[in-house]
Amino acid sequence: MKHYLVGGAVRDEMLGIPVVDRDWVVVGSTPDTMLAAGFKSVGKDFPVFLHPQSHEEYALARVERKTGPGYHGFEFTTDSSVTLEEDLSRRDLTINAMAKRESGELVDPFNGKHDLEERFLRHVSHAFIEDPVRVLRVAKFMARLSHLDFTVADDTVELMKSMVEQGEVSNLVAERVWQEMQGALQAERPGAFFETLRQCNALSVILPEVDALFGVPQPEKWHPEIDCGIHTMMVLEQSAILSPSVDVRFAALCHDLGKATTPADVLPSHHGHEDRGAKITEKLCERLRVPRKARDLAVITARYHTHCHKAHELNASTLTKLFQSLDVVRKPDRFQKFLIVCEADAKGRLTMESTPYPQADYLNEAAKVFCVIDAGAIAKQTSDPKSIAQAITEARVKAIQQWLTGV
């Protein structure tokens with residue numbers, strides 16, 4: 001049997017970026033041969049093995065045949081007659097369809113090296129249309145590589161559009177959408193993921209709540225970029241600068257979803273978009289089965305981000321209610337992430353990218369005053385259990401009022 005380094009390891013090595021995972025394809029072998037050589041079987045859908053020493057993945061060369069809709073509708077052949085070129089031909093993009101022999105010689109039957117040098121994401125063959133996940137993967141690669149000047153080849157964009165038109169993208173299951181989106185949110189330019197989906201008309205199918213923001217106007221005084229969709233992409237970009245957290249970046253994506261539902265007769269004003277946005281975000285997270293921590297941050301950010309922007313205008317009672325709603329005592333880390341998203345929102349506006357955001361420091365100081373109140377001590381001193389919550393709230397309001405007035 002022969003083995004070859006394939007896929008992302010070859011691509012990233014040629015790009016000069018860190019190689020995270022090294023995957024291998026094995027030609028001329030069988031599952032029994034691999035097991036006899038000490039490899040451990042880990043593949044569920046097709047034969048994949050872990051090397052006994054390096055623990056890197058070794059997959060038997062395979063070809064596939066489309067048998068039904070969606071990305072589960074495939075049959076695989078992995079017998080020892082499958083060639084390296086046949087295995088590479090089933091891959092999504094030419095830059096992922098290269099391999100290296102043990103000698104270091106490049107195997108490149110689909111001109112991946114050329115597309116790598118020209119900075120193109122291009123499909124390997126027309127079989128690309130058989131797997132709707134590839135639309136998400138192309139968008140995710142744009143999130144990872146667009147900062148290196150990569151673009152999607154025109155003919156690949158057209159194929160992706162045809163997949164949307166034929167309904168293939170509608171077959172994507174929620175878990176896979178979130179998995180690919182999560183990878184994109186971790187990337188250098190997460191906004192490129194959503195921009196690429198919009199370019200091929202898939203955003204309206206996969207994330208209609210985000211797609212609906214484009215073309216919706218906002219007051220130019222506060223939003224020189226005007227368009228809500230453009231603003232959201234700018235906020236997402238700022239959130240990526242400010243934090244590596246997927247939860248922060250997802251909340252940035254969702255913070256203004258309510259603006260897409262503003263009645264046309266009141267535009268460009270968006271009164272009440274916060275509560276509408278929180279409800280839309282809850283439904284989106286339920287549909288995509290977004291993890292609880294990411295969902296909770298996104299929902300509270302949608303509901304309370306304008307409170308943060310107006311922090312200096314809030315009285316002691318309103319500040320207290322805000323901190324209670326944000327649960328700053330029990331979830332201080334989430335509170336810090338909330339402040340980061342709000343800062344990204346303020347900076348994600350044309351010409352305002354470098355504007356200071358003192359509201360974050362202000363709310364941090366006010367939150368310290370809120371948190372210093374000893375709720376347990378107040379509870380012990382209150383004779384009527386029904387009055388405990390009110391007593392704690394009153395103590396916090398009083399403490400913040402004293403802080404505000406400098407008493």
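Here are some notes:
- Looking only at residues of the stretch 109-157 that are small (Gly, Ala, Ser) and within 21 Å of GLU86 (Cα to Cα), we find that the one that is surrounded by the most Cβ atoms within 10 Å (Cβ to Cβ) is GLY112.
- Some residue of the stretch 120-132 being part of a helix (DSSP H, G or I) and closer than 19 Å to ALA9 by Cα: no
- Test result for SER245, more than 13 Å from the chain's Cα centre (by Cα), modelled with pLDDT of 95 or more and over 25 Å from ASP149 (Cβ atoms): no
- Scanning the stretch 37-87 for residues that are among the small types (Gly, Ala, Ser) and at pLDDT below 80 returns GLY43, GLY68, GLY70, GLY73.
- Only listed residue being more than 22 Å from ARG134 (Cα to Cα), outside the structural domain of VAL133 (by TED's automatic domain parsing) and among the small types (Gly, Ala, Ser), chosen from SER80, SER89: SER80
- The stretch 17-31: number of residues that are surrounded by 12 or more Cβ atoms within 10 Å (Cβ to Cβ) and in a loop (DSSP other than H, G, I, E, B): 6
- The requirement of being in a loop (DSSP other than H, G, I, E, B), within 30 Å of SER170 (Cβ to Cβ), of a type in the set (Val, Ile, Thr) and not assigned by TED's automatic domain parsing to the domain that holds GLU175 is fulfilled nowhere in the stretch 271-281; no residue meets it.
- Pairs, first among the charged types (D, E, K, R) in the stretch 182-202, second buried (at least 24 other Cβ atoms within 10 Å of the Cβ), C-beta under 6 Å, six or more apart: ARG189/ALA143
- Of the helices (runs of 4 or more DSSP H) entirely within the stretch 291-406, those holding at least 3 residues that are closer than 27 Å to THR281 by Cβ occupy 292-309, 316-326, 332-347, 358-372.
- Matching entry among MET34, MET14 (being assigned to a helix (DSSP H, G or I), modelled with pLDDT under 90 and not hydroxyl-bearing (Ser, Thr, Tyr)): MET34
- Residue in the stretch 95-116 that is among the charged types (D, E, K, R), in contact with a helix residue (DSSP H, G or I) (Cβ under 8 Å, 6 or more places away or on another chain) and without any contact (Cβ under 8 Å) to a residue 40 or more places away in the chain present: yes
- Residues of the stretch 141-190 that turn out to be within 19 Å of ARG90 (Cα to Cα) and among the basic types (Lys, Arg), as a count: 0
- Near pairs, Cβ below 9 angstrom, 6+ apart or cross-chain, from the stretch 148-161 (closer than 13 Å to ARG198 by Cα) to any residue that is of a type in the set (D, E, K, R) and crowded, with 18+ Cβ neighbours inside 10 Å: VAL152/ARG122; MET160/ARG134
- Qualifying residue in the stretch 277-294 (condition: surrounded by 18 or more Cβ atoms within 10 Å (Cβ to Cβ) and basic (Lys, Arg)): no
- Of everything in the stretch 203-232 that is charged (D, E, K, R) and touching a residue at least 60 places away in the same chain (Cβ under 8 Å), the residue that is nearest to ILE129 (Cα to Cα) is GLU209.
- Exactly one residue among THR196, THR261, THR232 is out of contact with any His (no Cβ under 6 Å at 6 or more places or on another chain) and assigned by TED's automatic domain parsing to the domain that holds VAL173, and that residue is THR196.
- Against the conditions (1) surrounded by 19 or more Cβ atoms within 10 Å (Cβ to Cβ); (2) over 15 Å from the mean Cα position of the chain (by Cα), VAL329 satisfies every one except (1).
The values are calculated or read from the model by the stated rules, or taken from the named source; none is laboratory data. On a predicted model such as this, the values are computed, not experimentally measured, just so you know. No Cβ is skipped: glycine too gets one built from the backbone with ideal geometry, and neighbour counts run over all protein chains shown.
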